[in-house]
Amino acid sequence: MSLDAIVGLRSSDLPQLENLLHANRLPTQDCAEQPEIFYGIYNHGALIAAGGLEPAENHVLLRSVVVHPQFRGRGLARRISEFLIGRAESEGRTAVYLLTETAANYFENLGFAAVSRENVPLSITRTRQFSALCPDSASCLVMTLPRQ
Ligand SMILES: CC(C)(COP(=O)(O)OP(=O)(O)OC[C@H]1O[C@@H](n2cnc3c(N)ncnc32)[C@H](O)[C@@H]1OP(=O)(O)O)[C@@H](O)C(=O)NCCC(=O)NCCS
């Protein structure tokens with residue numbers, strides 16, 4: 001099976017992005033405000049994987065990492081996450097934060113570590129994902145940059 005490369009998404013990709021996120025129970029409400037923070041992988045014209053990197057001063061929020069159920073277990077989430085972490089690193093960001101309800105173990109395997117909410121910088125807690133869209137029960141994780 002040939003899959004397309006990771007591409008930057010645009011406004012015209014939003015319907016597919018929002019469908020993919022919604023179908024996998026991830027928030028969509030703030031995607032249209034910032035389509036340029038999202039990247040994805042297409043397969044025969046269908047968006048099958050995506051992820052976003054939301055800047056927050058010298059940090060970033062890795063968010064909206066999602067893979068269509070039919071394409072899971074092939075390393076696509078790892079590819080997208082590594083790509084986005086690499087971008088954050090090359091931009092000189094000092095840490096990547098993320099929130100997840102269901103995939104904390106997944107991201108710990110990628111090198112993230114749990115962090116308590118009181119230790120999360122204000123620039124991150126002020127994002128809409130953090131302050132309004134993700135439930136309080138979501139786990140918060142961090143990876144400091146540059147990677148060792
Ligand atoms: C989590 C998710 C992105 C993983 O996508 P994926 O492309 O299948 O992941 P990869 O192929 O890179 O990795 C697969 C491995 O991760 C493991 N894994 C998958 N989901 C996991 C989870 N929620 N918790 C722990 N491990 C998980 C798989 O068992 C597999 O392990 P193996 O390599 O030992 O067989 C996908 O399941 C998904 O879209 N979930 C719904 C959305 C979500 O929860 N996103 C995260 C919050 S932003």
Residue check for Gly111: small (Gly, Ala, Ser), out of contact with any Ser or Thr (no Cβ under 8 Å at 6 or more places or on another chain) and in contact (Cβ under 8 Å) with a residue 24 or more places away in the chain: yes
Sole exception among (1) more than 25 Å from Glu33 (Cα to Cα); (2) among the charged types (D, E, K, R); (3) in contact (Cβ under 8 Å) with a residue 40 or more places away in the chain for Arg126, by number: (1)
Considering residues of the range 93-109 that are under 21 Å from Asn24 (Cα atoms) and part of a loop (DSSP other than H, G, I, E, B) only, the residue farthest from the ligand (Cβ to nearest atom): Glu101
Residue match in the range 43-66 (condition: modelled with pLDDT of 95 or more and part of a helix (DSSP H, G or I)): no
Residue under evaluation Gly111, criteria (1) modelled with pLDDT of 95 or more; (2) loosely packed, with under 15 Cβ neighbours inside 10 Å; (3) of a type outside the set (A, V, I, L, M), criterion not met: (2)
Answer from Pro15, Pro69, Pro55 - the residue that is surrounded by fewer than 21 Cβ atoms within 10 Å (Cβ to Cβ) and within 15 Å of the chain's Cα centre (by Cα): Pro55
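Could you say whether any residue in the range 114-124 is within 13 Å of the ligand (Cβ to nearest atom) and surrounded by 12 or more Cβ atoms within 10 Å (Cβ to Cβ)? Working first, answer last.
In the first step, residues of the range 114-124 are kept if they are within 13 Å of the ligand (Cβ to nearest atom); the result is none.
Within the range 114-124, none of the residues are within 13 Å of the ligand (Cβ to nearest atom) and surrounded by 12 or more Cβ atoms within 10 Å (Cβ to Cβ).
The values are calculated or read from the model by the stated rules, or taken from the named source; none is laboratory data. The model shown is predicted, which means the values in this text are computed figures rather than measured ones. For neighbour counting, all protein chains shown are included, and Cβ atoms are generated from backbone atoms with ideal geometry for every residue, glycine included.
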